[in-house]
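Nothing in this text is a laboratory measurement; each read-out follows from the coordinates by a stated rule. Computed from a prediction, not measured in an experiment: that's the story for all the values here.
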Amino acid sequence: MSSIDNIAAAAAATSQAKVQMALAAKLAKMNSLNDQSVVQLIESANASLQQAVKSALPPGVGGNLDISA
């Protein structure tokens with residue numbers, strides 16, 4: 001009987017390990033997708049900031065004033 005118990009315990013452990021690996025893979029994929037979303041958000045914010053900087057001063061108006069004599 002002891003060998004049957006050992007086989008059943010091994011089968012249960014194997015099944016549990018498969019579930020844990022599948023869950024870990026799913027979480028890793030979700031984390032990867034979240035990272036991509038954050039990168040896209042940062043890139044979008046950077047593009048918006050660059051556009052705001054470019055449009056802050058009207059054309060022909062400089063941002064620096066040379067006061068050296």
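Between V39 and I7, residue separation times 0.36 nm minus the direct Cα-Cα distance comes to 6.7 nm. Per residue, the Cα convex hull of the stretch 1-43 amounts to 27 Å³.
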